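*Asks:* Please find one structure pasted underneath; my questions will follow.
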Amino acid sequence: MRVDEPRIQVSRENVDNDGRKELSKGHVKPPLYTTLLHSSLSHSPSHNYGEVSHLTTYENFLQDSEHYSTIPVTDTFTTDTITPIHMFAALEDEAVYMLESGDRQSEWSNYSFIGLDPIYSIYQDNSGFVVETIESGGTKTYSSLEKAYEGLLADLQVKIPDVPLPFKGGFVGYVAYDAISDFEPVPPVANEESNYRFVFCRTIIAHDHRTEDTTILSFARGENPQVSYNESKRRISDVKQAIIKGSAFPDFLIDGSIQPGHVELESNYSKEKYLNDVRAIQEYIKAGDIFQAVLSQRFEAKTTRTGFELYRVLRKVNPSPYMFYLNFRNIEVIGSSPERLLRVEKGQLEMHPIAGTRKRGETKEEDDALADELLADEKEQAEHRMLVDLARNDVGRVAGYGTVKVHDYMTIGRFAKVMHIISKVTGEIKEDVSSIDALMAAFPAGTLSGAPKVRAMQILRELEPTSRHIYGGGIVYLGLDGDLDSCIAIRTMTKVKDQVYIQAGAGVVADSDPEGEFEETVNKASALKYALAVAEQAFETRREGVETE
């Protein structure tokens, strides 16, 4: 798959002493409070709220209630001066995810999606895959993610919203890299956080950047259609009012006046050990165990910024095809991934293997020269060909015979700090294969593990000093119609309390230069380090300016 201030009234039942809503057993928690920033002016902006509004009628709702238990009520209206960032901040007490795209070739780049008011959570614990009803704390346990997903859909009996949006509701979350031990012979590791976590939100905001229209989807459920419909209408009205009455808040600036603050990153590797582990992988390659393995190092730092502040900066300094902010109970996930893991849409499979990296040039001439150098590099070519073949094999495991194809072979993709060689692999899914089956067949991406995959992952588990958890896994949405989209969890930060974790890897092959592979991990982490440094300085500078006025 592919990335401002008033709060709506919430039930004050189960509220902890700093004002945050507490969710039973929690597994999902609304975002932490943030100091919200939009403009250095102290007065409110003039929000334009369009007169044209298209609300689902009760007559249509009543007809749908004869066939479905969960029915979407939608309203579309114009919001030409209110950004999705304003919307998320105005509703931050209950917003749990934001999905965006910086890929102008993708339909997703036209939209920002915000998930509010999570009502179901799917996660894994020692008993299996748990579906939790957040409000009541009730749970059901299943033997697999697919059975949990199918079981909840069967209980919901949801009507898919009739709106022209690429995302119409569903389950949003992650599958951690370490989940691989569930279905491949790779030694398991213990993580404090679950290797799977998804939420289903009652309410979704979709903002169309082309038309400046905003659609609110509210899923209604209940035995009395009139009561359910009226509750969703009130819910939509509350969200609209929170959006249009947002107060101004100071923005951060990214210009010459802001110098990135000093951020001390601590690695889980010494440079000497990383170089030695590169050489150890090369010995495995010489022995014929593998052809390649992706060795990563993890950096960590303390931060005074919220996860949402970090996301606001990252989406500006490193726009990417997949941009996302997830705020779950004990962990926030902030990312701008360039690489699709797998998409399943109307029976079509698609992967985008990325391999081969150079830093961006300071000038167009230097940038073009670096791109030419990258495409001419025999080592990078060989690595990319190998990973395209691996992607073809992954797609081929679940695709119909003769349908696997490679498109746009070895093209250059340019991102904020680095460029990569990219290809596209497609296929047609077999009739007896589900989208989750396909995801697990492709998981994790060969570009984050190696080839052959299983042996490479066994070696990485032996060498890397800490578990990866989310890094190298997938950020995933599971649609109500069985489709899914996902991206690889790279160029991604995870935030736990005041600690931020950044991880980056390099593909090691027989003729790799250990120093070069070490530098590649540093280059890949640079956009995230820069975003962290800018956030530390920019938000602090703006706050100081506001406080002294």
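Listed here are the residues, each with its yes/no results for (1) out of contact with any helix residue (DSSP H, G or I) (no Cβ under 9 Å at 6 or more places or on another chain); (2) surrounded by fewer than 21 Cβ atoms within 10 Å (Cβ to Cβ).
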| residue | (1), (2) |
| --- | --- |
| Ser143 | yes, yes |
| Leu153 | yes, yes |
| Phe171 | no, no |
| Tyr177 | no, no |
| Asp182 | no, yes |
| Pro185 | no, yes |
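*Asks:* Read through the list (1) more than 17 Å from Gly170 (Cβ to Cβ); (2) at pLDDT below 95; (3) not charged (D, E, K, R), then give the number of the only condition that Ser101 fails.
*Replies:* Here Ser101 meets the rest and fails (1).
*Asks:* Sticking with this one: May I ask you to list pairs of residues, at least six apart or on different chains, whose Cβ atoms are under 6 Å apart, with the first in region 144-163 being assigned by the TED database to the domain that holds Phe200 and the second being of a type outside the set (Ser, Thr, Tyr) and in a loop (DSSP other than H, G, I, E, B)?
*Replies:* Val158/Leu480; Ile160/Lys168; Ile160/Leu480; Ile160/Asp481; Pro161/Lys168
*Asks:* Moving on to the next point. Inside region 371-414, can you point out the residues that are touching an Asp or Glu at 6+ places or on another chain (Cβ under 8 Å), farther than 18 Å from Pro338 by Cα and part of a strand (DSSP E or B)?
*Replies:* Answer for region 371-414, where residues must be touching an Asp or Glu at 6+ places or on another chain (Cβ under 8 Å), farther than 18 Å from Pro338 by Cα and part of a strand (DSSP E or B): just Ala399.
*Asks:* Moving on. Can you tell me how many residues in region 442-462 are modelled with pLDDT under 95, within 20 Å of the chain's Cα centre (by Cα) and either more than 13 Å from Arg340 (Cα to Cα) or of a type in the set (S, T, N, Q) (or both)?
*Replies:* Selection size over region 442-462: 1.
*Asks:* So, one more: Can you tell me which residue in region 247-278 is farthest from Phe299 (Cα to Cα), limited to those that are aromatic (Phe, Trp, Tyr) and at pLDDT below 95?
*Replies:* Going through the qualifying residues, I end up with Phe249.
*Asks:* I want to confirm something. Restricting to region 279-302 and keeping residues that are more than 21 Å from Arg385 (Cα to Cα) and of a type in the set (A, V, I, L, M), which single residue is modelled with the lowest pLDDT?
*Replies:* Among those residues, the one meeting the criterion is Ala301.
*Asks:* Which of (1) in contact with a Cys (Cβ under 8 Å, 6 or more places away or on another chain); (2) part of a helix (DSSP H, G or I); (3) of a type outside the set (A, V, I, L, M) does Asp117 not meet, given it meets every other one?
*Replies:* (2)
*Asks:* Looking at Asp368, is it of a type outside the set (Val, Ile, Thr), part of a strand (DSSP E or B) and surrounded by fewer than 16 Cβ atoms within 10 Å (Cβ to Cβ)?
*Replies:* no
*Asks:* Go through region 301-352 and give me each residue that's over 22 Å from Phe415 (Cα atoms), touching a helix residue (DSSP H, G or I) at 6+ places or on another chain (Cβ under 8 Å) and not in a strand (DSSP E or B).
*Replies:* Answer for region 301-352, where residues must be over 22 Å from Phe415 (Cα atoms), touching a helix residue (DSSP H, G or I) at 6+ places or on another chain (Cβ under 8 Å) and not in a strand (DSSP E or B): Thr303, Thr304, Arg305.
*Asks:* While we're on this one: Which one of Ala510, Ala538 is closer than 20 Å to Asp289 by Cα, of a type in the set (Gly, Ala, Ser) and more than 21 Å from the chain's Cα centre (by Cα)?
*Replies:* The conditions single out Ala510.
*Asks:* Could you tell me how many of the residues in region 187-204 are surrounded by 21 or more Cβ atoms within 10 Å (Cβ to Cβ) and either part of a loop (DSSP other than H, G, I, E, B) or over 17 Å from the mean Cα position of the chain (by Cα) (or both)?
*Replies:* Number satisfying all stated conditions: 4.
The values are calculated or read from the model by the stated rules, or taken from the named source; none is laboratory data. Please read all numbers here as calculations on a predicted model, not as lab measurements. FYI the Cβ positions are ideal-geometry reconstructions off the backbone, even for glycines, and counts take in every protein chain you see.
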